[in-house]
Amino acid sequence: MAAGRSAVAMSEDEVETFLDASLKVQVASIGPDGAPHLTTLFYVVHDGKIAFWTYGSSQKIKNLERDPRITCLVETGTDYFELAGVSIQGTAEIVRDEDRIREIGTAVTDATSGRVDLGDLGREIVEKQVRKRVAIVVTPTKVASWDHSKMSGPPGAGG
């Protein structure tokens, strides 16, 4: 199976392109009872790393304050030969500096608006959120990727 995994792995450039093209990331942190806590958030690639913002009082932040280990999954596809994804295990940096929160929050807001300039309204929305939120920047320790479109075979043969 190792040859199969390497055959579908993305190159570093492909991973970068894939992550830049996506908006949603599934984020797993470790809950107080040791069980995974899974959420989906909007994100951006900021200085080459997954970054997002969220409410500072959220369960995921409480979890990351206790244990900074995090796993992020960005995936796409419906049929087997369309499946593609990047899984990143790493360490979460909780950003509490308002300027950095504003920078990351603005980037996420811009990305989710289709990169349409929201002008004063967008800046006002972000500014109201800065004091309530923190940003997270994920430093990867392990990255796994797959792109099943690299496989050959008849439709429906995967599984």
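The values are calculated or read from the model by the stated rules, or taken from the named source; none is laboratory data. Please read all numbers here as calculations on a predicted model, not as lab measurements. Here the Cβ is made from the backbone with ideal geometry for all residues, glycine too, and neighbour counts use every protein chain on show. Surface areas here come from the heavy atoms of the whole protein model, side chains and all, with no ligands, DNA or RNA. Shrake-Rupley method; radii C 1.70, N 1.55, O 1.52, S 1.80 Å.
I'd like to know if segment 83-92 contains one or more residues that are modelled with pLDDT of 95 or more and within 22 Å of V130 (Cβ to Cβ).
Checked against the condition, which is being modelled with pLDDT of 95 or more and within 22 Å of V130 (Cβ to Cβ), segment 83-92 yields at least one hit.
Quickly run through segment 48-74 and pick out the residues that are touching a strand residue (DSSP E or B) at 6+ places or on another chain (Cβ under 8 Å) and open to solvent by 90 Å² or more (accessible area, probe 1.4 Å).
Y55, E65, R66, R69
When segment 118-132 is examined, which residues are found to be in a helix (DSSP H, G or I) and at pLDDT below 90?
Within segment 118-132, G119, D120, L121, G122, R123, E124, I125, V126, E127, K128, Q129 meet the criteria.
If you go through segment 133-151, how many residues are open to solvent by less than 40 Å² (accessible area, probe 1.4 Å), assigned to a strand (DSSP E or B) and more than 18 Å from I104 (Cα to Cα)?
2
Report, ordered by the first and then the second residue, all pairs with beta carbons closer than 7 Å, sequence separation of six or more or different chains, a first member in segment 42-64 that is over 10 Å from V108 (Cα atoms) and at pLDDT 95 or above, and a second member that is β-branched (V, I, T) and open to solvent by 20 Å² or more (accessible area, probe 1.4 Å).
Final answer for the pair search is K49/T139; K60/T39; I61/I94; N63/I30; L64/I94.
Looking at R100, R115 in this structure, which one is at pLDDT 95 or above, open to solvent by 40 Å² or more (accessible area, probe 1.4 Å) and either over 28 Å from E14 (Cβ atoms) or part of a loop (DSSP other than H, G, I, E, B) (or both)?
R100
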